[in-house]
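Here's the structure, in C-alpha cells; my notes come after.
Nothing in this text is a laboratory measurement; each read-out follows from the coordinates by a stated rule. Note that the structure is predicted; figures quoted are calculated from it, not measured. No Cβ is skipped: glycine too gets one built from the backbone with ideal geometry, and neighbour counts run over all protein chains shown.
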Amino acid sequence: MVTITENEFRQFADYIKSNYGIYFKSEKKVLIEGRLGQVLSNMNVDSFTAYMDYVKADKTGQALSVMLDRITTNHTFFMREAEHFYYFRDMVLPYLKKTIRSHDLRIWSAACSTGEEPYTLAMITDEFFGQDKTGWDTKILATDISQGVLASAKAGIYDSENILDLPENWIRKYFKEQDDGRYILSDKIRNEVIFCRLNLIDPVFPFKRKMHVIFCRNVMIYFDNETRDKLIEHLYDITEPGGFLFIGQSENLNRARTKYKYVMPAVYRKE
C-alpha cells in the first residue's frame, strides 16, 4: 500500500477544498490513504504526488471522477429522510400548483448521487399531477460533481433490495424487472430527470431562472463553515420567493446569518 506523507496530504486536502469545497481534517489522512491506495496500486504509481500530477493532467476528467468517487460517500436510497418527501407531496406541490401561473415547475436535486432522490421526486410529482400534468413542465434538474454516479443515475437500474421501501404500486407502475433480477425505471420517469455535472462551489450556476424547490441534502457535511455559508447564500439567491430548500437531517443552517426562514427540521423557505 502506498503511504501518503503529511506534506502530500496537506497539498491534496488544499487542492480538494479549493476546487470542490470538500474539507478534510488531518485525522482523515488514513481514510484518504485507504480509499485511494488501491487506485495507485492498480496504476503502478508509487506516490500520491505522482498520482495528483496525473489527475490534474488528465484532460478527459476520468481520473478526477474516479478520485472524487473514492473520497466521497455516495450512499443514498429511495425515500431517504422520508418526512421531506411527504412534506414535498402534501404541502409544497399543492402550493406550487396553485401559485405557478406559468406552469413551469423548477425543482433541483443538487447532489443527486446515483439518482434515487430525483427519481423519487419525479414519481411523487407524476402521481400528484396525474391527468392535470398536461401543459406543465415538471422536469427535474439533477446534478452531481461525479461523472461516475451521474452515469449510474442516468441508467436508472437498481437492485431489488434498493426498491424495497417503495410503495408496491410504484414498483408495478414505474419499474420493470430485467432478466438479471434488477429493476429499470420506466422511460416516463427517466425522461422527467435531466442529469448534468455541476460543482456546488462554482461562483456562477448556469441557470436562466430561479428554482421553486432545491434539495441539497447530505453534501454540506463535507464543507467547512465558510464554504457552507457561501453555498447557502448562493442557493438563496437562486430560489424563487416562496420557494423551499431541503437539507440533510444531520445538517443545519446558521439561522443568525441565513435569510431562509425555518419551516421544520431541515426544511427552509425564502419568503
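Hey, can you tell me all the residues within region 84-104 that are assigned to a helix (DSSP H, G or I) and among the polar types (S, T, N, Q)?
THR99
How many residues does region 2-61 contain that are within 25 Å of ARG197 (Cα to Cα), small (Gly, Ala, Ser) and assigned to a loop (DSSP other than H, G, I, E, B)?
Of the residues in that region, 2 qualify.
Quick one: count up the residues across region 84-131 that are charged (D, E, K, R), in contact (Cβ under 8 Å) with a residue 12 or more places away in the chain and farther than 25 Å from SER152 by Cα.
Residues that pass the stated criteria total 3.
Which of the strands (runs of 3 or more DSSP E) contained wholly in region 105-208 include at least 1 residues that are surrounded by fewer than 21 Cβ atoms within 10 Å (Cβ to Cβ) and in contact with a strand residue (DSSP E or B) (Cβ under 6 Å, 6 or more places away or on another chain)?
140-144, 175-177, 183-185, 193-197
Given the conditions (1) buried (at least 18 other Cβ atoms within 10 Å of the Cβ); (2) of a type outside the set (A, V, I, L, M, F, W, C); (3) closer than 18 Å to CYS112 by Cα; (4) in contact (Cβ under 8 Å) with a residue 40 or more places away in the chain, which single one is not true for ARG228?
Going through the list (1) buried (at least 18 other Cβ atoms within 10 Å of the Cβ); (2) of a type outside the set (A, V, I, L, M, F, W, C); (3) closer than 18 Å to CYS112 by Cα; (4) in contact (Cβ under 8 Å) with a residue 40 or more places away in the chain, ARG228 breaks only (4).
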